[in-house]
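Structure first, then comments.
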Amino acid sequence: MRVMRSVIGLETFWNNLIPSKMSTLVWRLFHKRLPTKENLRKRGVVLNSFALCVGGCVNPETEDHLFFNCPMLGAIWREIVRWLGILVVLAEGGPTHLLTLKNLVLGNGKVRDRMGVIWFVVVSLIWKVRNYMIFNHTGFDWEKLLEESKILSWRILKAQSKGFICDLSMWHMNPLACVRVNGGRLHE
């Protein structure tokens, strides 16, 4: 825990742009407090389903695997950076993953915070989809998850970020231009 505190400050979790429900989820994620199948198994909870990832791979459902490394659910990150128009390999998980995405675009704190909104939205939607798959015995549609990520992050930024003036169509076409309104430029 001590290492994480030096990398990520409380302002990362409790930011005015991030809904408190998402902040709480990410705090729990970074502190290994989510009820993943692996955490439940460690606590002695008998599961009605396999302890393996809902993505259909043969790995235990841990936080890092589910959110960042699962070939099915974690693949959303490739689509997010493709939508952003950035060529990057994101870290394998945890606080470093968040910091990498937030720092892809040069700019002031407002720019990094806006990038962080995208990250928080994707994490919260992965958790939502995971739970939906478990409790409703359904499959997964990554295109729907990608679209929902775009719309929800735009809605949050439109409502919470002062100076964010992009409409939804501009957000879909050029999200980096939208996060950079009021300063910042791309890494070169």
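Residues of the stretch 130-182 being crowded, with 16+ Cβ neighbours inside 10 Å and not in a helix (DSSP H, G or I), which ones?
We begin by selecting, within the stretch 130-182, every residue crowded, with 16+ Cβ neighbours inside 10 Å; these are 130, 133, 140, 145-146, 148-150, 152-154, 156-157, 160-161, 164, 166, 171, 175-176, 178-181.
Result: F140, S161, F164, C166, R180, V181.
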Inspect the stretch 110-120 for any residue being out of contact with any Leu (no Cβ under 7 Å at 6 or more places or on another chain) and of a type in the set (D, E) and give the result as yes or no.
no
Within the set of pairs 6 or more residues apart or between chains, which connect a residue that is of a type in the set (A, V, I, L, M) inside the stretch 128-147 to a residue that is outside any helix (DSSP H, G or I) with Cβ atoms less than 8 Å apart?
V129/L73; V129/F140; M133/V54; M133/G139; M133/F140; I134/S49; I134/V54
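Going by the structure shown, is L47 of a type outside the set (S, T, N, Q), within 22 Å of V122 (Cβ to Cβ) and in contact with a helix residue (DSSP H, G or I) (Cβ under 9 Å, 6 or more places away or on another chain)?
In short, no.
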Selection within the stretch 81-127 - outside any helix (DSSP H, G or I) and touching a residue at least 24 places away in the same chain (Cβ under 8 Å):
G85, I86, E92, G93, L104, V105, L106, G107, N108
Only one of (1) at pLDDT below 95; (2) of a type in the set (S, T, N, Q); (3) crowded, with 16+ Cβ neighbours inside 10 Å does not apply to S124, and that is (1)
Just the residues that are part of a helix (DSSP H, G or I) and touching a residue at least 12 places away in the same chain (Cβ under 8 Å), please, taken from the stretch 42-80.
E63, D64, H65, L66, F67, F68, N69, I76, W77, E79, I80
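For the stretch 119-132, check the following and say yes or no: at least one residue is over 20 Å from T36 (Cβ atoms) and within 19 Å of the chain's Cα centre (by Cα).
First, the residues of the stretch 119-132 that are over 20 Å from T36 (Cβ atoms): none.
No, every residue in the stretch 119-132 fails to be over 20 Å from T36 (Cβ atoms) and within 19 Å of the chain's Cα centre (by Cα).
Could you list all residues from the stretch 23-72 that are small (G, A, S) and either at pLDDT 90 or above or surrounded by fewer than 19 Cβ atoms within 10 Å (Cβ to Cβ) (or both)? Even if it seems obvious, please write down each step before you answer.
Keep residues of the stretch 23-72 that are small (G, A, S), which gives 23, 44, 49, 51, 55-56.
S23, G44, S49, A51, G56 - these are the residues of the stretch 23-72 that are small (G, A, S) and either at pLDDT 90 or above or surrounded by fewer than 19 Cβ atoms within 10 Å (Cβ to Cβ) (or both).
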Pick from the stretch 138-188, criterion at pLDDT below 95 and of a type in the set (D, E), ranking: nearest to N103 (Cα to Cα)
E188
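The values are calculated or read from the model by the stated rules, or taken from the named source; none is laboratory data. Since the model is a prediction, treat every value here as computed from it, not as a measurement. Every residue, glycine as well, gets a Cβ built from its backbone with ideal geometry; the counts of neighbours run over all protein chains shown.
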